[in-house]
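Working notes, beginning with the structure itself.
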Amino acid sequence: MLSAMAFSFGGDSACSASNTGIGSSDVMKARRADLETLAAFIGARGVSSELSALSFMEIGPLAARRMRPSRLFDSTALSLAASLAERSWVGLQGLPACLLEPEVDVGGLCQSLATANLPSFVAGWPAQLARQGFPKCTITRKAEAMPKTTTSYGVQSMNYHVSSVLDGSPISVRQWLPPPEIDSRAVVQLTHGISEHSGRYDHFARHLAENGYRVYASDLRGHGLSVPQTQLGQASIHFWADTTADMKQLLDIMHAENPNLPRFAFGHSLGSALTQGHIQAWGAMLKGAILCGTFGAFPGMSGSQLRDAAEAVRPLAFSADTSDRVSTLFLDLLNNLNKVSGPNFKGCDWQTSDQIEIDRFLRDPLNGKPFCNRMMYGVLLGLSQLWTPENERLIPQDLPILIMCGTRDPVGGMTTTVQALIDRYRKNGVREVSHIFYDGVRHEPMNDFSRDQFHADVVAWLNQHLPRN
């Protein structure tokens, strides 16, 4: 549990603006700097998948009513408060109120954190803070008139929404930028998997940013912060085409914002299949692609069985009575992934052997929502078109591709359909198709015991494929 003594800045201390001679604007600047430092520290501790939704969109009318565009750090505080309170952590009931004051009460924020019954992953922070303070930060305190602000916050992250050029739908985008002292080397487009969101990749994305890679990641339609929580798992029958259009839009944004940097694509699970389609259509805009937890056929089905399954779901997807209902095929898919993994597998066991990661996945309200019939039909339709010979031959032959998966990943048939995908790519003339199979690892190598090696392997491959000049 956090200790309020660890955070002596802000709050109603004896040293106020009136009795120190500090101007009110200076106090606000200092409070905001301290607040940003706090937010940076929380992110640096690798818990931002639990505190990830720092955006106006998440808090909606509350932010619109009380925030002004110039009050950037106030909005960060308010979003943090809303994100924490939404997760119903004990002791945070008064937190949003203290942050809605005209001046952000950082002391109140720290006090609320100190009295909160947070999960065990924050245990030990007070002692560490007392010994070394915030990492890579200099704390400015009110008692010292706070003449300085922090000069380096490590990796910079942000979350915002863009309107789809296709239909105006809001698409949530996360960005991770290298620390100011590190030159940007390239840009990576990250695409997540089924029933999760881009915030789950915070630790991985921060590792990439620390090594000079700018990371852009969108929440797929029907996922994460791209839809209200009541609409998770719901998208149209055009899910595949709409999502690939969103991916192209994000690629264009990456190019516009970083015109002189090379671009790479990284996709995991369903995101890797979408990335397969992405490089078929737009591979010429990329310097390389990484397919993680990927597959070359629908799990447990042949090509003809996949087409039959799509036809079976079609009437359910188009019927007003059943289109919004949970897809039984989706539920069967998840159950089968456990069945083929082992007799004692259940729930999310097929994803990773790390129980802490499974607990984090299950605690997150943005994870685990099943697809409706309409959305499932869109996925099946997209996959049935993805693996046709004529489409796979569209991948540029000079595009380097790295495939990464665990040998115990049921999504890729324990590497069976992955190897088939590799063989097809090579047969089509793609000159560089390399792979890394992690022995004993399940579906998520970035969240299993292989995570450190996985991080190192990704960075090494990216570094190797940077332009020589």
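The values are calculated or read from the model by the stated rules, or taken from the named source; none is laboratory data. Everything quoted here is computed from the prediction, not taken from an experiment. Glycine also receives a Cβ, built like all others from the backbone with ideal geometry; neighbour counts cover every protein chain displayed.
Observations on the structure shown:
- Checking each residue in segment 438-455 for being of a type in the set (Asp, Glu) and either surrounded by 24 or more Cβ atoms within 10 Å (Cβ to Cβ) or in contact (Cβ under 8 Å) with a residue 24 or more places away in the chain (or both) picks out Asp439, Glu444, Asp448.
- Residues in segment 298-312 that are within 26 Å of Asp349 (Cβ to Cβ), surrounded by 15 or more Cβ atoms within 10 Å (Cβ to Cβ) and either outside the structural domain of Gln231 (by TED's automatic domain parsing) or more than 25 Å from the chain's Cα centre (by Cα) (or both): Gly300, Met301, Leu306, Ala309.
- Scanning segment 175-192 for residues that are under 14 Å from Met247 (Cβ atoms) and within 10 Å of the chain's Cα centre (by Cα) yields Leu190, Thr191, His192.
- Looking across segment 159-179, just one residue is touching a residue at least 60 places away in the same chain (Cβ under 8 Å) and within 15 Å of Leu208 (Cα to Cα), and that is Arg174.
- The residue list Pro365, Pro315, Pro370 contains one member that is surrounded by fewer than 17 Cβ atoms within 10 Å (Cβ to Cβ), assigned by TED's automatic domain parsing to the domain that holds Thr415 and either assigned to a loop (DSSP other than H, G, I, E, B) or small (Gly, Ala, Ser) (or both), which is Pro365.
- Single condition Arg374 does not satisfy, out of (1) closer than 17 Å to Tyr438 by Cβ; (2) under 26 Å from the mean Cα position of the chain (by Cα): (1)
- Residue tally, condition under 14 Å from Met446 (Cβ atoms), surrounded by 23 or more Cβ atoms within 10 Å (Cβ to Cβ) and not hydroxyl-bearing (Ser, Thr, Tyr), over segment 191-203: 6
- Residue check: Ala420 meets all listed conditions (1) out of contact with any Leu (no Cβ under 9 Å at 6 or more places or on another chain); (2) under 20 Å from Thr244 (Cα atoms); (3) touching a residue at least 12 places away in the same chain (Cβ under 8 Å) but one, namely (2).
- Segment 417-435, residues that are buried (at least 17 other Cβ atoms within 10 Å of the Cβ) and outside any helix (DSSP H, G or I): Val430, Val433
- Residue within segment 246-264 that is part of a loop (DSSP other than H, G, I, E, B) and among the aliphatic types (A, V, I, L, M) present: yes
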